[in-house]
Each structure stands twice: as C-alpha cells, then as structure tokens.
Amino acid sequence: MTSASPQATPAPPPEPPALPEPEPPHRRPRARRDWLRGLSRVTTVALVLFEFLVRGSTGPWREMAALALALGVLVSFGGELARDAWALRLRLWRYRWPDLLFAVPAILSLTAGNPRGAAALLALRLLVRELISAVAWRPARPVLLALQRRPLTLLCLSGLLLVSLGTVALMFPAATRNGEGAPFLVALFTATSAACVTGLAVVDTGSYFSPFGHWILLGLIQVGGLGTMTITTTLALAFRTQLSGRTRGAIQEMLEEETVQGFQRLLYAIALITVTVESVGALMIYPSLQHAPDGRVLEASERAFSAAFHAVSAFCNAGFSLYPDSAMRFVGSPSVNLTLMALITLGGLGFPVMTSLLDWKLWRSRGLRGAWTFLPVHTRVVLITSAGLVAFGAVAWLGLEWNHSLAGLSLGERLWASLFQSVSLRTAGFNSVDLSRLGTPMLLLSLLLMFIGGSPGGTAGGVKTTTVAVLALTFRALLRNRPDVEALGRSVPVATVYRAAAVALISFGLLFGLAFLLFAAEPHLPFRELAFEVVSAFGTVGLSTGVTPQLSAAGKLVVCVAMFVGRIGPFTLALAVGLSKAHASYSFPSTKIVVG
C-alpha cells in the first residue's frame, strides 16, 4: 500500500513588473531645462561673488553692475517658475512650494524698490535647492539613511544648518542699511539668537539691518520657533512623503504624542494654529505701530511688516523688536500689552496643550467645569504651573521693583509692567522697563524663572514647567512618605520622574559650565550681569541688562553656544532619555546609602 504523495503547491504567478511612476514635469531630464537652471546658477553665483568680493568698493559702476546681476537672477528665476507653472498648473504648490515661499518676500522686496534684496532672497533659495539636490544625490543616500536612524543627530545638524544659512544671509551687503553686510561675528551671533528664538543682540536690530535683513530674521525666528524638524515633517506629511519610523517616533516623543494618528493631527494643527494666531496678533497690534523708532510716520506696508514681525517674534518667544527700547514705549498700552502677553503665553504653553483646549466638542458636551476634569493631565499640569509662575512673578516684580525698574511710572503702568515682565521673563525676552535698574533680589528670582522656561512642545525654552512640576510632586510624595508620585489623581510613571530629574540635573550642569567659561572670558564685567546674561541665553529668553554689546569675541562665542545648547539641549535630553533601549533583564542586590 503506497502512501499518497503530497500535492505540490503551485507557484504563484509572477507579478507584472511595476511601471515607473511618471515624474512630475519639474523633474524632467536635465537636457530640457539646463539652459534655464544653468542661467539661474550662473547669475546667482556671479551676484554672490560680486557682492562679497567688491564689498569695499564704491561708485555708480558698482551699483549698476549689482543691479544688472540682480535683474539677471530675477529674470532667470521668474522664467523657470513660469515654465513650471505652465506645466504643473494647480500642482505647482505641491512640487515647488519652497520656491513660492521665497518668492513672496522677494516680490514684496522688489515692489519696495529693492531688487538686490529680492535677488539675495532668491540666491538663498538656490542654495537651499542645491542642498536638497545634494541630499537626493545617490552617493549621499547612505549618509541620509544613517541620519534618519539617529534623530538626535538630525535635530542638532538641522539647527546648525539653519544658523549657517542665516549667518551667510546676514553677511550679504543687502542685509544691512550701510550696504556692507554684517561682519561674521555679528551675523553669527544674530543668526544664532534668531534661530534659537532667544532675542539677544549685539546691534540695534531695527536700525542696523535693512528690510531684507529683517525678512531674514523673520524667517529664522519662524523656523527656529517651530523647530526645523517639525516644519519639515509637517510639509512632508502634507505632501505624502514617507518618513522613517525612528524619526517619526522622535518627533512624537518631542511633541508628547503616543499614536501616529494623533501625531499627524497635531502637526496639521501646528501649522493652522501658527498662521491663525500670528495673523490675529498682527491685526491686533497694527493700529498701535504708527511711528518708526526715529519718530516718522510709517507707511501702510511698513506698519504691516512691523506688526507681522512683532507678532511672530512674540508667538515664537523670540523677543526680537524693531524698536531699540523693545516694548518700553508701550508700557501703558493695554492693547499692545495684552496682545503680546497672549501671543507669548500661547506660544509657551505648547501645541499639545493648545490642541486639547481647542477641542470644542469636549467643552460643548461637558461644560466649563466638567470639561476641566476631562482635559489631559498634562494640559492641566501645564496650565496650573504656568498660572502659578505668572502670578508669583507679577507679585514679586511689583513688590521688589517698586523703587527700581518701576520707579517713575504711574500705578497703572506699574501693574501692566509687572504682569508683562512676569509673562515675558520666563522665555519671551521683551521688556517694557529698563532692566539695567533691576534690583538684586528680583534679579535672583529672574534667574530661577528663566531657567524654568515654558512648556514642552511649544516655542519656549528652559527646562520646562512640567519638569519642575514633576520634581515638586516628587518632593511632596517624599514629605508624605508616599510610594508613588501623584498628579491630579493619577500616578506619575517612575520613568517620567527619572527623565525630569535627568533633564534638570544635566541642564544645570551645562549651565554651570557655560557660566564658568563666560566668567573666564569676561573677567572685567560684573558678576551679576554675566550671570543674568548666561541664564538668559541658556533659557532662550533674550533679556539683558545691557552687557551684550560689551562682550568680547570669546564672550560672544560662549553666549552663542549657550543659546544653541539651550535651544537644542532640553529637546535632545528628553529624547535621549525617552528613546532609550529596552530595560535590562537583570537587577543587582539592593543596598542602602545615607544621604542628607
């Protein structure tokens, strides 16, 4: 009796070869578009070399040559964009959105009678495009894949790239009013301060830089405030570009989102909230910005740009102002004070908090009192901590500074100034009073508030309010001899407590090291001013007692490092702790160590 042989499973039919997707018209073979793109490259490189090599020359020939090269850049770029607009039509925004983003300020600069500024903007666009092409270059793919597997390195490199681009842009002759461009150290310091949304400046922003330079600063503040990874990922998701799982997970951790769906909704909400809040803020302060710093009446276009600049600077917690006295001239203006405080607060709360507060279905179904209990614990902790810090700072400023920085003001102005400085002190950098008259007790409290900063997932700096809240709740649990750390009826995971302690401790260690370097570089400057400066830089606050322009080259470099580390450091530390590898499968015997 023979056993039946098993039937052989038929092999699946071979799949038909996948047809290559049609490339968009702007990615046609180079032979069809070399003459336009080549013309753009040649004119742009010629303009950049001319502007930098003949920087010190004067005369009508220089202006005519620069104008001719600028017009060549504008014509070649316009022809290239018009060709793709005819080919892509409604899909132009999807494939050429970087060009369109740079084209808007370039057109505004051109209509304002500044073709060289418009050409410089387009030159920056060409540089960005070449960098993108270098990333897409086949030999560079292994490096790109390695960076995608290391989101922390990608975060740091993106920040360095943004600072580098800003430094080069501010060195263009068109970026300054004297037509010579900013020196390297001034450009580096200003670009770092803007990209890290700090607000410290070694020159007067309004009078030193030209309108083109102001556009560069505005772009640096916007990109730096929202975060280069956040903006890149938002645009990538909007255009269905695939992301690596590790990169997506890194940004999810940074934005306090646990699911991919919630992560995508948050990114779309970030773009919508940013545009809406900044637009409303600009409209609110537009009527108050009638005069320039020199007293002349601003035109409508200048007022609109000034309003947009200050709204973006406030929402991104940057603290840059086009007025030499920051917000001191508006110390008694309720509209300006309320608008700037609202923008600073919204930017500092963090996007996860704002999106949860905008859940209108929750408020409609539960009511005001019921909705509060259904808000995420993270949102409630941020709101309670932020409100407590604002109230504490306002009362302390009013009481301690009554005869110092508030001297000479009326009662109403003192109340407005105390509240405004309490809101701005933690991370924004605007000042409505003279900080050079700050008393020592309030200066000491200011160091603490600047070190705390804002909340996670927003535009603020510092170690974050939630870090301080978790540490305070841990201390309360120790006093009550409770085994678990509790927050609003919920137990805080031990990993969160460890992360808060690690971020606070390492941040304090970094701050101490940076302060040591600054004290060593500036032995002739007072201790209190230098301490205030380094904490303000590390917390990306931007307030200063007036010592910033007096710093030496070494001191400025130390402050640049402090601003960059302060902006990147807390994010990197949180990601490094949150994205650690799996726990070890073993444990050591316990022991007892006497502390205290």
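Where a number appears in this text, it was derived from the coordinates with a stated rule and is not lab data. Keep in mind the model is a prediction, meaning the values are calculated, not measured. Glycine gets a Cβ as well: all are built from the backbone with ideal geometry, and neighbour counts include every protein chain shown.
Around residue 555, what is the net charge, scoring Lys/Arg as +1 and Asp/Glu as -1 over all other residues with Cβ under 11 Å from its Cβ?
Once positives and negatives cancel, what remains is -1.
Residue farthest toward the positive end of the dipole of region 353-578, with Cβ of Lys/Arg at +1 and Asp/Glu at -1: which of 373, 422, 462?
Looking along the dipole axis, the top candidate is 373.
Treating the beta-carbon of each Lys and Arg as +1 and of each Asp and Glu as -1, no other charges, what is the dipole magnitude of region 353-578 about its Cα centre, to the nearest 20 debye?
880
If Lys and Arg each add +1 and Asp and Glu each add -1, what is the summed charge of the other residues whose beta carbon sits under 11 Å from the beta carbon of residue 212?
It works out to a net charge of +2.
Return the FRET efficiency for the residue pair residue 486, residue 127: r is the Cβ-Cβ distance, R0 is 60 Å, and the value is rounded to the nearest 0.05.
My answer for the efficiency is 0.70.
Let me check against my output: what whole-number percent is the relative contact order of region 353-578, with C-alpha pairs under 8 Å and at least 6 apart?
18 percent.
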